[in-house]
1. Taking the range 48-91, which residues are of a type in the set (Lys, Arg), under 19 Å from Cys12 (Cβ atoms) and more than 17 Å from the chain's Cα centre (by Cα)?
2. Determine, yes or no, whether Ile32 is touching a Phe, Trp or Tyr at 6+ places or on another chain (Cβ under 8 Å), touching a residue at least 40 places away in the same chain (Cβ under 8 Å) and not basic (Lys, Arg).
3. One residue is enough: does the range 82-89 have a residue meeting the conditions in contact with a strand residue (DSSP E or B) (Cβ under 6 Å, 6 or more places away or on another chain) and among the β-branched types (Val, Ile, Thr)?
4. Is it the case that the range 63-78 has a residue that's assigned to a loop (DSSP other than H, G, I, E, B), touching a residue at least 24 places away in the same chain (Cβ under 8 Å) and basic (Lys, Arg)?
5. Answer yes or no: is there a residue in the range 1-22 that is more than 17 Å from the chain's Cα centre (by Cα), loosely packed, with under 13 Cβ neighbours inside 10 Å and part of a strand (DSSP E or B).
6. Can you tell which of Ile34, Ile39 is touching a helix residue (DSSP H, G or I) at 6+ places or on another chain (Cβ under 9 Å), assigned to a loop (DSSP other than H, G, I, E, B) and either buried (at least 17 other Cβ atoms within 10 Å of the Cβ) or not acidic (Asp, Glu) (or both)?
7. Mind checking which residues of the range 26-46 are more than 16 Å from the chain's Cα centre (by Cα) and modelled with pLDDT of 95 or more?
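The values are calculated or read from the model by the stated rules, or taken from the named source; none is laboratory data. It should be emphasised that the depicted structure is a prediction, and the values quoted were computed from it without experimental measurement. Here the Cβ positions follow ideal geometry from the backbone for every residue, glycine too, while neighbour counts run over all protein chains shown.
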Amino acid sequence: MTVDFHSDFKWCIDNDFQVYVQPIYGSGHCRIAIRKGGISTDGKSSKYCHEKQMMLYSEETLGSVIYKNQKLANEKIPDVYKYLRETYDKI
């Protein structure tokens with residue numbers, strides 16, 4: 001399935017996946033982080049939703065690849081969007 005970057009990005013937003021670069025403090029290196037539920041919780045671990053009258057939770061998963069700098073990690077984010085869509089769109 002060939003899908004473009006914008007479509008993959010929109011799919012991640014619509015399905016509550018937040019993808020970002022997480023620095024490894026003190027090293028200058030970083031990893032890509034994925035937070036399922038991160039859109040609903042504004043990037044936090046939890047948030048009370050007044051509209052639904054319930055607590056919402058999210059979970060951060062750090063990628064295993066350590067990037068030398070933020071620029072290199074940012075270049076891989078479109079691949080992560082695509083991976084998430086291909087993996088979870090089937091469920």
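1. Going residue by residue through the range 48-91, those that are of a type in the set (Lys, Arg) are 52, 68, 71, 76, 82, 85, 90.
Still in the running and under 19 Å from Cys12 (Cβ atoms): 76, 82, 85, 90.
The answer is Lys90, and nothing else.
2. On the way: touching a Phe, Trp or Tyr at 6+ places or on another chain (Cβ under 8 Å): yes; touching a residue at least 40 places away in the same chain (Cβ under 8 Å): yes; not basic (Lys, Arg): yes.
Yes: the conditions hold for Ile32.
3. No: zero hits.
4. Yes, the range 63-78 contains a residue that is assigned to a loop (DSSP other than H, G, I, E, B), touching a residue at least 24 places away in the same chain (Cβ under 8 Å) and basic (Lys, Arg).
5. For the range 1-22, residues more than 17 Å from the chain's Cα centre (by Cα), loosely packed, with under 13 Cβ neighbours inside 10 Å and part of a strand (DSSP E or B): absent.
6. One residue alone meets the criteria, Ile39.
7. The answer is His29, and nothing else.
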